[in-house]
1. Please report the orientation-averaged projected area of the stretch 42-81, defined via the convex hull of its C-alpha atoms, in nm².
2. Excluding ligands and nucleic acids, what accessible area in Å² is computed for Ser81 using a 1.4 Å probe, to the nearest 10?
3. I'd like the FRET efficiency for Asp62 and Ser36, computed as 1/(1 + (r/R0)^6) with the beta carbon distance as r and R0 of 25 Å, rounded to 0.05.
4. Return one whole number: the accessible area per residue of the chain in Å², for a 1.4 Å probe.
5. Starting from 0.36 nm per residue, how many nanometres of slack lie between Leu331 and Arg289 once their C-alpha separation is accounted for?
6. Over the chain, with every protein chain in place, what whole percent of the accessible area is carbon and sulfur at 1.4 Å, could you tell me?
7. Can you tell me the length gained on complete extension of the stretch Asn307 to Gln131, counting 0.36 nm per residue apart and subtracting the Cα distance?
8. How many percent of all Cα-Cα pairs in the stretch 139-243 sit more than 18 Å apart?
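The values are calculated or read from the model by the stated rules, or taken from the named source; none is laboratory data. As the structure is a computational prediction, the values presented were derived from the model and not from experiment. All Cβ positions, glycine included, derive from the backbone under ideal geometry; neighbour counts span all protein chains shown. Accessible surface areas use protein heavy atoms only, side chains included; no ligands, DNA or RNA. Shrake-Rupley method; radii C 1.70, N 1.55, O 1.52, S 1.80 Å.
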Amino acid sequence: MDLTADLTGASVLVTGNAVAARRAVRRYRAAGAVVSTIECPAHFRTSAMDEVLLVAAVDDGDPGWEPLRTACRLHGVFMVSEPAALPGRHVTLVGGGPGPVDLLTERAKEALREADVVYYDRLGPVEGLTQLAPGALLVDVGKTPGHHKIPQHEIEAMLVSTARSGARVVRLKGGDPYVFGRGGEELAACAAAGVPVSVVPGISSSIAVPGAAGIPVTHRGISRMFTVVSGHAPLSDSELEHLAGLGGTIVVLMGVGTLRDTAAGLERAGMRADMPAAVIERGFRPGQRTTIATLGTLPAAAALASNPAVLVIGEVVSLAGTPEQALLDSLASTLETS
Ligand code: SAH
């Protein structure tokens, strides 16, 4: 039976050994219940039934819980069976996509549902996390209270030690873990420590965010390649020359701070100043904003742009807002409202 109940302030007794019961305990606490626990049948006293609204019996394989069943019957206390949480000792690096919960994959949702601890940062689907991972302790590793990022080696050490303690650990990232997400480093750290680790791919902002603005990164007859680069630090002259020479779409992540350098550098490297270029801020999020200009005018047009944002340079940008796109947009909104 799939039952929904408001457990705010209700007294719930969870029985079963601590490892098997850990997820049930967290779920009931998350639902607002006041949770007490009994770890082994020998510690059960009928007096524990006083004031209890619900007993959640975790199937931990111990056959000695029969007196508890009898006591529940006698006291008219509801009893529900809960599956045991299996020992974890596992890390899953999960790509969370560009933000909205419905852009998570089924596999990502399953990993979150099963998680005991989720380490997350700000670019993933942060808002829905308490529902997506109801049994998990949620740890923000994007910022510490002093607003400094937790150093990467500390995140890796946390993943390893938490998994070793027997937990199922999810490291949730924005987009895809392997696109400027340090997924490779975290995978290597787990593997080096002998901790089993798997990776769930995610929808990368490098493709999806231009798409959200109606810009396809490739288009038959217009661009047959796209290069994704990091704008975290200014590009070197040789990188700029190669990029300009490719003649394909250029997608820059983390590129707001260096936008001026990138645009000027590409022009210096021979790209025409009237090449279409765009900045898409907060893709798929409230306040999504697209600024379409040219290589020469984008720095001024997007002077007020802020992170997170994706920069796209190339002929494909001219497809945003074309009649085809306008038709698609109007179809989409008709479907949404009908
Ligand atoms: N692994 C991520 C990228 C991490 S780097 C992925 O595959 O998407 C972080 C950069 O991604 C940001 O600086 C920004 O350039 C881009 N980004 C991520 N989410 C975004 C969003 N919703 N809107 C615009 N840009 C986004």
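1. 2.7 nm²
2. Counting only protein heavy atoms, the figure is 90 Å².
3. Calculated value: 0.90.
4. 52 Å²
5. Here the answer is 13.1 nm.
6. Its accessible area is 57 percent carbon and sulfur atoms.
7. 60.7 nm
8. Counting pairs separated by more than 18 Å, the tail of P(r) holds 63 percent.
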